[in-house]
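Structure record follows, encoded as C-alpha cells.
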Amino acid sequence: MTDLKPKDFASSLDVRWCPGCGDYAVLKSLHKILADTGAKLEDTLCVSGIGCSSRLPYYMATYGFHTIHGRAPAIASGAKLANPDLDVWVFTGDGDGLSIGGNHLLHALRRNLDMQIVLFNNQIYGLTKGQYSPTSQKGVRTPSSPGGTIEAPLNPARFAIGAGAKFIARSVDTQAKVLGPILEAAKAFEGTAFVEVLQNCVIFNDGVFDRLKDKKQGPDNTLLVEHGKPMVFGVNRDKGLRAKPGGFGLEVVTLEEGGLSEDDLLVHDESNHALAVALAELGENEGEPTVLGILFREAGVEFGAASRIGLPENKLSMEEKLSRLSATLRASETWDVGEDAA
Amino acid sequence: MQNGPEHSVSTHELPVSQQPEVDYVRVRFAGDSGDGIQMTGTRLAESAARFGNDIATFPDFPADIRAPSGTIYGVSAYSLNIGHSEVDTFGDETDALVALNPAALRKYLEGVKQNGLLIIDMDAFTERAISKAGFAGNPLEDGSLTNFRVLPLEITSNTEKALKETGLSAKDARRCKNMWTLGLVLWLFERSTADVEHWIEQKFHKKPDVAKANILALQAGHLYGEVSDLPPDVSRYRIQPAPLMEGEYRSINGNEGMAYGLYAGATLADLELFYGSYPITPASPLLHTVAKLKELGAISFQAEDEIAAVCAAIGASYAGHLGVTGSSGPGIALKTEAIGLAIMTELPLVIVNVQRGGPSTGLPTKTEQSDLFQAIWGRNGDAPLPVIAPAHPGECFDIGVEAAKLATRHMTPLMVLSDGYIANASAPWKLPDFSDPAYAPFPVTQVSNPEGFQPFCHDEETMARPWAVPGTPELMHRIGGLEKQAGSGNISYDGENHQLMTEIRARKLEAVANSIPLQHVESGKSTGKLALLGWGSSWGPIRVAARRAELDGKSVSHIHLRHLWPLPPNLEELLSGFDRVIIPEMNNGQLATVLRSQISTPVESVTSVKGRPFLVREIAQIIEDALGA
C-alpha cells in the first residue's frame, strides 16, 4: 500500500471553522504527523464532544464519532476497550473537557487507557457565542459575566497532574514545530496522553495568547522544555529557571547576572513529578514563562492491557462460548426433575 | 418469524391451589440486618427447590447497610412460598414467621394469618429490645398473640450451648443462630440438613472452624425439632414435590438470569458482550455477574458515573461489540442524553432498567414499575426505542437474548424494564438447551464491502443501517449526534431531510412491531367478560388470582405484555373481545395512559405503589369488584 500524504487524512467536507481560527493549525499538524507516522485511515478513530474543536472528526478521512457534550473520553474508552488495535484520539475543549466533561477527563487520565486527549484551550465558549469558560482569566467580561468573572481559572495541565496523568504536554496552536513532535510523542505513548493546545478564538477571545505567540515578546514569555536540556528561554536565550536557593520551588533568573551560567539552571526531567507540578503552574504570575513541551511523561500500567488479563487470549467460537456458559450455569446447584431423575 | 425464545419453559402449567399448608406454605424469616437472614432464606429456598417444590421468594432488606440493631428499620426479611402446586408469588399472608427479635415480630406480625405459627427467639426479647421495637409490653406475656400459635424458643442460648465444645467465643457462637433456626425449619418441613451442610462446607472451605460451627448449629436446630416435646398444635409441613416439567433445574434470580441472557444473546449474535455500568441498587448484581464471565470473553467496565457507563457501552457498540448498560431509574435519567445519541447514530445498545420506587432517589430497595413513561417517552426530540419487560425471574434469560436480537437486527438501542422484585426474587429455572431452535444463532453481519457503501442507507424490512466498524478498510465514515443526511450520513440541517430521518426512526419501530409475536392470552379464554392486562412483575399475583377465579367459573383472562413498545399489532383486536379490560400496575396508571393514546378499546386502571408487588387478594378483589363475588 502506498504511503499516505497529509492531505489524505482530510475528509471531503469543507472545514467550517471561522477564518483565522487556531483550530486550522492544529488540524494541519495532526494530518502531518499521522502521515509521518504511517497511520492507517481505517485504524484511526477520532472522537469528540461538543464545541468548536469537537467538529474536528468531520474533517478527518478516518473513522470519527462526534458525540455529546463532555462525554468523548467515555465513548472513546468503550471503543478502545472493544478494539485495542484502534489508534484513538479524543478532541475536546476547555468547556467540553473541563466543565461539563470534567469528571470523564479526570477518570480517563487516572485510568491511563492508551489514547490521546487533545484539549483545545481558548479560554472561552465559542460555539455558544462567547460566555466565560472554566479556564477564562479572572475578570474577563463576557455576555454571562458583564461585570467580569469572579471565578478562579482552572489550569488544565495542573488538573491533569492532579488526576494522575502520565503524559502531559502543552503547545500553542500555530507552532507546528512544537505541536507536531508533541502529537507524535502522544501517539507513541502507551497510556493516556494529555495535550493542551493554547488556541486562539478570533471571534470571542482574540489575542488572548498573543503575549506567548508574538515573535518579539513570545520567547520572553514561554519556556520550551526538553528532556535532559537546561531550561533556558528568552529572545536572547538569556533567561532560565533554577531551583530557588534555600527555598522550595522555581525561580526565573537572568544569565550572566551575578555570574550565572547554564550550568546553574535546572535540567528538565520528564519523569520528575514535583517538577511537573511546578512547571504547570508557571505563567500564572507576572514575569514567569508559560511552559510548553512535554511537561511530564512516565511509563505506567496501561489500563487496556491490564483489563484484558483474564480474558481469553483469542476470540472464542460461538460453540465454545455456549459450552462455557452452560458450565457456568451449572456451577450453581442443579437438580433433575422427571422420570429419570434420581 | 424469528422471535427469540418466546417463553421460558418453567412451571407455568402446574395446577393452581387454594389450600395453604396443604399445597403450599409461606414462610418468612425476619431479624436484624446482621443476623444472616438473607442467607438463611436463600438456603431454605435452594433446599426446597432441590426437593422438587415450586418456589417463589421475596427478599426484603433495608436500604441501610447495618442499621442500628433492634430497630424496626433495621429488620431484614426473606419470604418464600414453597409449593406442591404452582406458586407465582411469595404469598399474601405468612403461614409461619420466624422472628429473631422483637422488631422483626412487630414489623411482620400483621402479615401472619390467623392461627399462623410464630417461631420466636425468646433470648432476644429483653426489656430494652421490646421497648426499642415499640411494644408497650412483652407480647409473649401480655396475651396479644392469642390469635397465633406461638413457639417461643431459646434460640440464642441453644446455639451457644450447641457450640460450647468448639471453643468459639460466645459472640461468634451467637452468629450461628440463623443456622440453628434453619435446622429447625428444615425439620419442620421434613427435610434433611444434608444439602445445606454440603453448601456450608463449600462456602467456608477456607475456614473449617466456621464451617464446623455452622454445621453443628444447623444439626442442633434440626435435632431440637426431633427430640423436644413441641406443643401439639405445632405440626410439620408435608409439601410434596411439584410436578414440574422434566429437565435439569437450578434456582435463579432475575438479575442473574438477565446477565446470563445478555451474554447468551451477544454470543448468538456472534458478538462480544461489553457491559458498562455504575453501581446502583438494585441493578448492581448485573455488573457483578457479568464481571464473573471474563473467562467467557465478556468485558465489564465499572465507569465513573452513569453517563460514562452508557457512553462506554455506545463506544463499544460503535467498535463492533454488543454494548449493554444497566441501572435503575435515577441512573437511567442520567443516561438519557446518551441514549438519544444511540438512537441518532442507530447503534445497537441494550439498556436494562431494574426499576425501583421513584421519583428521584425514591425507595431504592423497594420495587415499582413506574419508569414506563421514562422508557417510552423520556428523551428530547422524537426518539423512539423498543421497550420489553420480563414477567418473572425465569423469563429474564430469554429477555436478555431477545434484547440482543432486536437491538442488532434493527440497529437500535432497546430498553429492558426489569424491577427490584424480579431482580432479587428467585425461582426454579429449567436450564436452557442451546440446541433448541428457540436459541438458534442470529449472527450479525458487519459490512466490509465498500461498493456503494452508505452508512445511513436503510434495509427496507428491518430499517437497520449497515454496521461498519472502525478498523474496516475503505469504509471510513463519521457519525454523530447532529442530524444526518439520509444515505451518506453527512451533517444535514435540511428540513426535508430531517422530516425523512424522523420518519425513518419511527419506521424502525414499525419494523420491530412486525417482527414480534402476536399477543397471546396467558390464562383463560381469548374473549370474555374481563381481561386483566399486566406487564412486568405483576405477572405472579395476576396469574394466581385470575386462575383461581377461573376455577370458580368466572370469565377472567390474563393477558401479559412482554413487548411494551412498540405494542403487539393485534393488541387492540384482542382486547376488544372483552367486556372490560383492567390494568393492575405498580405505578400511577402509566400503561393505561399509554394504551389510551394507542388503542380505542377502553381500559381501566387499578394501581398500587406500596413498595411491594400486588397481593393475590388485591387482584382477587379487583376481579370480584368487576364481576361480583
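If one takes the longest principal axis of the Cα atoms in chain A, at what angle in degrees, from 0 to 90 and to the nearest 10, does the Cα axis of helix A:72-82 lie?
Around 40 degrees separate the two axes.
If each Cα of the stretch A:42-142 is one equal point scatterer, what is log10 of I(q)/I(0) from the Debye formula at q = 0.15 Å⁻¹?
With one equal scatterer per Cα and no solvent, log10 I(q)/I(0) is -0.55.
In the stretch A:1-31, which trypsin sites (Lys or Arg not before Pro) fall in coil by DSSP and have 13 or fewer other Cβ atoms within 10 Å?
A:Arg16
From largest to smallest, what semi-axes in whole angstrom does the stretch A:267-342 give when each is the square root of 5 times an eigenvalue of its alpha carbon gyration tensor?
Values for the stretch A:267-342, descending: 61, 14, 10 Å.
Kindly write out, for the stretch B:548-555 in residue order, the coupling ³J(HN,Hα) from the Karplus curve 6.51 cos²θ - 1.76 cosθ + 1.60 (θ = phi - 60°), rounded to whole Hz, with x marking Gly and Pro.
5, 5, 5, 4, 7, x, 8, 8
So what's the stretch B:406-545 giving for Cα Rg divided by 2.2 N^0.38 Å, two decimals?
Ratio of Rg to 2.2 N^0.38 Å for the stretch B:406-545: 1.45.
Among bridges DSSP assigns within chain A, what percent are antiparallel (round to 5)?
Around 35 percent of the beta bridges assigned by DSSP in chain A are antiparallel ones.
Just to be sure I follow: if Rg is taken over the C-alpha atoms of the stretch A:136-226 and Rh is the Kirkwood radius over the same atoms, what is Rg/Rh?
My calculation of the ratio gives 1.01.
What is the stretch B:245-334 by shape, rounded, prolate or oblate, if you read a ≥ b ≥ c off the alpha carbon gyration tensor as root eigenvalues and call it rounded for a/c under 1.5, prolate for a/b larger than b/c, and oblate otherwise?
oblate
Can you give me the long-range amide H partners of A:Val208? Hydrogens built in the peptide plane at 1.01 Å from N, cutoff under 5 Å, separation of 5 or more residues or another chain.
A:Cys201
Looking at the square roots a ≥ b ≥ c of the eigenvalues of the Cα gyration tensor of the stretch A:192-236, which shape do they give, rounded for a/c under 1.5, prolate if a/b is larger than b/c, or oblate?
It comes out oblate by the Cα gyration axes.
Calculate the tail of P(r) for the stretch A:125-284: the fraction of all Cα-Cα distances greater than 22 Å, expressed in %.
Across the stretch A:125-284, Cα pairs with separations above 22 Å total 50 percent.
Report the far tail of the P(r) of chain A, meaning the percent of Cα-Cα pairs longer than 30 Å.
Pairs farther apart than 30 Å: 42 percent.
At q = 0.10, 0.20 Å⁻¹, what is the log10 ratio I(q)/I(0) for the stretch B:179-323, with the Debye formula run over Cα points and no solvent?
Taken in order of the listed q values, log10 I(q)/I(0) reads -0.60, -1.11.
Considering the alpha-carbon set of the stretch A:71-219 alone, what are its Rg and its Dmax in angstrom?
When restricted to the Cα atoms of the stretch A:71-219, Rg and Dmax are 15.7, 50 Å.
Highest mean first, how do A:69-79, B:416-426 rank when packing is the count of other Cβ atoms within 10 Å averaged over residues?
Per-residue Cβ counts within 10 Å, averaged per peptide and sorted highest first, yield A:69-79, B:416-426.
Looking only at other chains, what is the average number of their beta-carbon atoms within 10 angstrom of each beta-carbon in B:316-327?
The per-residue average across the peptide is 4.
Please give me, ordered by residue number, the GluC sites (Glu not before Pro) of the stretch B:132-206 that lie in loop per DSSP and have at most 15 other Cβ atoms within 10 Å.
B:Glu141, B:Glu154, B:Glu190
Which peptide among B:369-382, B:257-270 comes first, and what is the full order, when sorted by highest mean count of other Cβ atoms within 10 Å?
B:257-270, B:369-382
So what's the Cα pair-distance distribution over the protein assembly as shown, bin width 10 Å, in %?
Binned Cα distances yield the sequence 2, 11, 18, 19, 16, 13, 10, 6, 3, 1, 0.
Over all residues in B:243-252, what is the mean tally of Cβ atoms on other chains that come within 10 Å of each residue's Cβ?
Going residue by residue through B:243-252 and averaging, the value is 5.
Other chains near A:91-103: what is the mean number of their Cβ atoms within 10 Å of each residue's Cβ?
1
Give me D for chain B in µm² s⁻¹, whole number, from Stokes-Einstein with Rh from the Kirkwood sum over alpha-carbon pairs, 4 °C and 1.567 mPa s.
50 µm²/s
Work out from phi, with θ = phi - 60° and the Karplus expression 6.51 cos²θ - 1.76 cosθ + 1.60, the ³J(HN,Hα) of each residue of the stretch B:251-262, listed in order in whole Hz, and give x for Gly and Pro.
In residue order, the calculated couplings are 9, 8, 9, x, 5, 4, x, 5, 4, 5, x, 5 Hz.
Over all distinct alpha-carbon pairs, what is the Kirkwood Rh of the stretch B:497-629 in angstrom?
Hydrodynamic radius (Kirkwood, Cα pairs) of the stretch B:497-629 is 15.5 Å.
Can you pull out the GluC sites (Glu not before Pro) in the stretch B:13-66 that DSSP calls coil and that have at most 15 other Cβ atoms within 10 Å?
Passing sites in the stretch B:13-66 are B:Glu13.
The numbers here are math on the coordinates, done by the rules we state, and not lab data. All figures in this text were calculated on a predicted structure; none of them were measured in a lab. All Cβ positions, even for glycine, are placed from backbone atoms using ideal geometry, and neighbour counts span all protein chains on display.
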